[in-house]
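The values are calculated or read from the model by the stated rules, or taken from the named source; none is laboratory data. Values in this document were obtained by computation on a predicted structure and should not be read as measured data. FYI the Cβ positions are ideal-geometry reconstructions off the backbone, even for glycines, and counts take in every protein chain you see. Remember, those area values only see protein heavy atoms, side chains included, never the ligands or the DNA or RNA. Shrake-Rupley method; radii C 1.70, N 1.55, O 1.52, S 1.80 Å.
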Amino acid sequence: MRFLAPLALGLAAAATTNSVLFVHVGKTCGGSAVAYLRRAVNVTEVHLRPVKREEVERASHIIVSVRDPTERVVSAFEWHRPGGDRTYGRCFHRKRDVERYGNSCADDELYKCAATADAFADLVASRNSTDRCARVAKAFLAPDAGARLLGEPLHFARLSHINRGFAFYLGGDTLDRLKGRRVWVVEASACERDARAFLAGLSLHQGPTFPTSHRQGPHALSYRRRAAIMDALAHEYRTLQALAARAENYALDARRRAPAWAFAQRVLVRRVRKEEWENSVVRARVRSKKGGHP
C-alpha cells in the first residue's frame with residue numbers, strides 16, 4: 001500500500017502535465033519562460049509556425065507568451081538586424097524555398113532600406129505609395145505579408161520574428177477554438193511572475209531560479225513613430241485583446257490592473273502634437289475601461 005500513494009501522485013502529475021501547449025511568439029520572453037516551465041511540466045512548444053488545430057484540441061492548458069505588439073516588433077527588428085557575427089540576421093535558403101521564391105529574401109531588402117528602428121518606423125509612416133522601401137516596410141506588418149500591397153506575399157527569412165506576431169500564430173479559427181479552454185498568458189514585463197503563477201495554480205514545484213537570458217529594450221521611439229507602427233498593427237492589438245479576454249490570469253475590467261495593450265486602441269493620428277497624442281491615448285483607455293467605444 002505504501003507504493004500506491006507515489007503511484008497515484010505520479011499518474012496525476014502525468015495527466016496534468018502532458019497536455020501543456022506553449023505558443024512561443026518571438027521576442028516576448030517565450031524562450032526564458034518555456035525553459036523554466038519545462039523543469040516542472042512536459043511542454044509542447046510551437047515556435048516560428050502557426051498553431052495547428054489538433055494541437056489546440058489535444059491541449060488541456062494553453063500558454064501564450066505576449067508583449068505589447070509595437071514593442072515586440074521593434075525588438076524583433078533590432079534582434080534580427082545584420083551585424084557582426086550574428087548569423088541569425090542572415091537569410092537562409094532551403095531548397096524548397098529557392099525553388100518557389102528564388103534567392104530573394106524580404107529581410108535583406110528591408111535592412112537595405114532601413115538600418116535603424118527609427119528609419120523603419122519612418123517608412124511605415126510614409127504616405128508615398130510608389131516608394132518600394134515604404135511598401136516593403138508596411139508589408140512586414142500586414143496580416144497578409146504584403147499580398148495585397150505588393151501583389152504577392154513577401155518571403156521572409158527563416159528566423160525572422162518581425163512579421164510573425166500573434167495573428168500569425170493564432171490566425172484563422174485558432175483563436176475561436178481557445179474559447180472555453182484553459183488559457184494562460186505570460187507577459188514579457190512580468191515573465192517570471194506569470195510563469196511561477198501558472199505552476200502554483202497546478203500545485204507543481206517551482207524552481208528556485210529563473211533564466212536570466214531575457215532582456216528587454218530599451219527600444220525608445222518618438223511618439224509619432226510609435227503611433228505609425230501602432231496603426232499598422234491594429235490587427236495585432238485586436239488579436240491580443242481577444243486572447244487576453246480568454247486568459248484565466250487577466251480580468252479586463254477597471255478594478256484590476258492590466259497592461260495597456262489589453263484595452264482597445266484608438267486609431268492614432270500621426271501628425272499631432274505630443275500632448276494631444278498622449279491625451280487621446282488616455283481618453284481611449286478610460287472609455288475602454290467604462291465599456292465605451294474608443
Considering only segment 44-60, state which residues are part of a strand (DSSP E or B) and either open to solvent by less than 20 Å² (accessible area, probe 1.4 Å) or of a type in the set (Phe, Trp, Tyr) (or both).
VAL46
Considering only segment 206-226, I want to know if a residue exists there that is hydrophobic (A, V, I, L, M, F, W, C), open to solvent by less than 30 Å² (accessible area, probe 1.4 Å) and either assigned to a helix (DSSP H, G or I) or more than 22 Å from GLY30 (Cβ to Cβ) (or both).
no
Answer residue from segment 142-190, given it is among the small types (Gly, Ala, Ser) and assigned to a helix (DSSP H, G or I) and is surrounded by the most Cβ atoms within 10 Å (Cβ to Cβ) among those:
ALA188
Condition set within 19 Å of GLY207 (Cβ to Cβ) and of a type in the set (Phe, Trp, Tyr), scope segment 1-39, selection modelled with the highest pLDDT: answer is PHE22
Suppose we keep only residues that are at pLDDT 90 or above, within 15 Å of the chain's Cα centre (by Cα) and not small (Gly, Ala, Ser) within segment 210-237. Which one would you say is farthest from VAL74 (Cα to Cα)?
HIS235
I'm told ALA197 meets every condition in (1) at pLDDT 90 or above; (2) surrounded by fewer than 15 Cβ atoms within 10 Å (Cβ to Cβ) except one. Can you identify the failing condition by its number?
(2)
Inside segment 151-179, can you point out the residues that are small (Gly, Ala, Ser) and modelled with pLDDT of 90 or more?
GLY151, GLY165, ALA167, GLY171
